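Scroll down for the structure; my scribbles are underneath it.
The values are calculated or read from the model by the stated rules, or taken from the named source; none is laboratory data. All figures in this text were calculated on a predicted structure; none of them were measured in a lab. As a convention, Cβ positions derive from the backbone with ideal geometry for all residues, glycine included, and neighbour counts pool all protein chains shown. Please note that ligands, DNA and RNA were not included when accessible areas were found on the heavy atoms of the full protein model with its side chains. Shrake-Rupley method; radii C 1.70, N 1.55, O 1.52, S 1.80 Å.
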Amino acid sequence: MASWTKDDLHKLDVKYAQEGVHLHQRPFRAATELLGAAFALGVGRNPEVKKIMDAYAELVPEVNTTWPGAGVGLAVSVDRVRKLTLAVIFGGQSIEPWQATGFNSIEEWWAWCRQRHDIASEASFAFADLYDFTYGLNEVDDRCVNAATLWRMAKSNLEDVANILPSTFSVDSVIQPICMVAELAM
């Protein structure tokens, strides 16, 4: 069994930052690097993998909030903005708008929607639009490379807006990326 310390995780975090490894990928990468041949998931998994990944998340909490999923967007309840993270879906899975918006229950989501059907509909359509936009990009890739490049740039700006708006008190600095989304999309 490989031995490791929190200091090892700090050193790996610096290394991964210098290499440009995304935050959400670092705990898994640290586990593979620290355990080497002893790394195993699934049947016959090594419980040390979870210990390393949990310790990494404890040291760098952002690893749990920066996962981009398939795409990032936003939903709004009057002036309250929630970041949507579209799950990567395998097989015949389904996901509800309240789950994508990060609520623990449909009741919590309904309260956020102020128990109004019009707001719930708008939030649901925001989720559907994000789903269509994100998965629709795959259709554009094969047909028009130039359009795909512009749409991906629009998606990147939308993701930036979705990351900024829920935690800001002033929208002035967000106007430019919002306009970029519209301009690139057109």
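Sort 10-18, 94-102 by packing, meaning the average of other beta carbons within 10 Å per residue, with the highest value first.
94-102, 10-18
Let me confirm the definition first: pairs of Lys residues in the chain, 8 or more apart or on different chains, C-alpha distance under 15 Å. How many are there?
Lysine pairs meeting both conditions in the chain amount to 4.
Subtract the Cα-Cα distance of GLN176 and ASP79 from 0.36 nm times their separation in residues, and report this length gain in nm to one decimal.
So the chain would gain 33.0 nm between GLN176 and ASP79.
Considering the Cα positions of region 6-66, please state its Rg to one decimal place and its Dmax as a whole number of Å.
Spelled out, the Cα radius of gyration and Dmax of region 6-66 are 11.1, 34 Å.
Of the accessible area of the chain, with the probe set at 1.4 angstrom, what percent is carbon plus sulfur?
Here it works out to 56 percent.
Contact order normalised by length for the chain, with contacts defined as Cα pairs under 8 Å and 6 or more residues apart; what percent is it?
RCO, the chain: 16 percent.
Consider the candidate values (i) -0.43, -0.51, -1.53; (ii) -0.65, -0.76, -1.28; (iii) -0.45, -0.54, -1.68; state which one is log10 I(q)/I(0) by the Debye sum over Cα atoms at q = 0.11, 0.12, 0.20 Å⁻¹ computed from the structure displayed.
Step by step, log10 I(q)/I(0) by the Debye sum over Cα atoms at q = 0.11, 0.12, 0.20 Å⁻¹ for this structure corresponds to label (ii).
Under a plain spin-label model, where a point goes 7 Å from the Cα along Cα-to-Cβ, how far apart in nm are ALA185 and TRP110?
Distance between the two pseudo-spin positions: 3.0 nm.
With a 1.4 Å probe and all protein chains left in place, how much accessible area per residue does the chain have, in Å²?
62
Can you give me the distance in nm between label points at ALA40 and SER156, each placed 7 Å from the Cα along the Cα-to-Cβ direction?
Spacing of the two 7 Å Cα→Cβ label points: 4.1 nm.
Please work out the FRET efficiency for the pair SER3 and THR65, using the Cβ-Cβ distance as r and a Förster radius of 25 Å; give the result to the nearest 0.05.
The value I calculate is 0.30.
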